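Undergrad: Here's a structure for you.
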Amino acid sequence: MNRPFVSDAGKGAFLYKKLIGGDRMRTMDKKEIPFTVDHVGSFLRSERLKTARENFSEGNITKEQLRVIENEEIENLIEQEKSAGLHGITDGELRRSFWHLDFLEHLNGVEGYVPEGGYNQKFHGKAAPSYNIRVTGRISFNKNHPFLEDFAFLKDKVESDESLIAKVSVPSPNMILRQELLANDGNSRIHQIYSDLSSFYHDLSQTYKEVIHAYYEKDCRYLQFDDTNWAVFSRY
């Protein structure tokens, strides 16, 4: 049986962890995982895709029409990744508005919202769009999480070539802590829901176990946890 790899990616470093013990996973005609050279998987959006998103937000096209354009742009990106010699192929996260919030807001017990103060980060002096997530109830995995369907599309387009493997990155559990403890600026309700944070940590751990198994059931064998806040929480 092929064993899945779960990797943790921080800024400037990749640490790979095995979900199940044993030797490194090898599959027929695929390169050994983890690869010597790899990438997180997020790519710049094309002008066509950015225009489509604007048209969707303004009500000029339907969600179905937007998805057709996303599919076409992802297929174009897959060909570019293959041409560059990559073996772990992602969808570029082209369906996401944020690299982390889109995934987190579709977990049970988490909602996306527009904070009055905006998102609390700036990039090269420019503020990120005003959007965030917060915990609203006991956290658990959403078995109808839309990212699973997104992965199925990617896998279908990639793994007809046995030398390639479809790869997906999701935000680590740490990112919920980051948003709740540092980014909510008075909007966090977590202490109202969890009087004892040890229960929150338990639910979060169980949720991510189910995330891993849900991707495994979709035949995903390369799942990466993306994390940018290890240094922040090392102080606590």
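The values are calculated or read from the model by the stated rules, or taken from the named source; none is laboratory data. Fair warning: this is a prediction, and the values are worked out from it, not measured in the lab. Positions of Cβ are generated from backbone atoms using ideal geometry, with glycine treated the same way; all protein chains shown enter the neighbour counts.
Undergrad: Of the numbered conditions (1) over 18 Å from the mean Cα position of the chain (by Cα); (2) touching a residue at least 12 places away in the same chain (Cβ under 8 Å); (3) surrounded by 15 or more Cβ atoms within 10 Å (Cβ to Cβ), Arg48 satisfies every one except a single condition; which is it?
TA: Of everything listed in (1) over 18 Å from the mean Cα position of the chain (by Cα); (2) touching a residue at least 12 places away in the same chain (Cβ under 8 Å); (3) surrounded by 15 or more Cβ atoms within 10 Å (Cβ to Cβ), Arg48 misses just condition (3).
Undergrad: While we're on this one: Kindly list the number of the only condition in (1) surrounded by 14 or more Cβ atoms within 10 Å (Cβ to Cβ); (2) at pLDDT below 95 that fails for Ile69.
TA: The single condition Ile69 does not satisfy is (2).
Undergrad: Those residues that are modelled with pLDDT under 95 and touching a helix residue (DSSP H, G or I) at 6+ places or on another chain (Cβ under 6 Å), I need them from segment 148-167; list them, please.
TA: Leu164
Undergrad: Return the residues of segment 68-96 that are touching a residue at least 12 places away in the same chain (Cβ under 8 Å) and either within 14 Å of Thr51 (Cα to Cα) or acidic (Asp, Glu) (or both); say none if nothing qualifies.
TA: Listed by number, the residues that qualify are Ile69, Glu70, Glu73, Glu75, Asp91, Glu93, Leu94, Arg95.
Undergrad: Next question. Quick one: in segment 133-179, which of the residues that are in contact with an Asp or Glu (Cβ under 8 Å, 6 or more places away or on another chain), under 21 Å from Tyr201 (Cβ atoms) and of a type in the set (Gly, Ala, Ser) is surrounded by the fewest Cβ atoms within 10 Å (Cβ to Cβ)?
TA: Out of the qualifying residues, it is Ser140.
Undergrad: What do you reckon, is Gly92 part of a loop (DSSP other than H, G, I, E, B), at positive phi and at pLDDT below 90?
TA: Against the criterion (part of a loop (DSSP other than H, G, I, E, B), at positive phi and at pLDDT below 90), Gly92 does not qualify.
Undergrad: Okay, next question. Might you let me know whether segment 124-142 holds any residue that is modelled with pLDDT of 85 or more, in contact with a strand residue (DSSP E or B) (Cβ under 9 Å, 6 or more places away or on another chain) and not in a strand (DSSP E or B)?
TA: Yes, because at least one residue in segment 124-142 is modelled with pLDDT of 85 or more, in contact with a strand residue (DSSP E or B) (Cβ under 9 Å, 6 or more places away or on another chain) and not in a strand (DSSP E or B).
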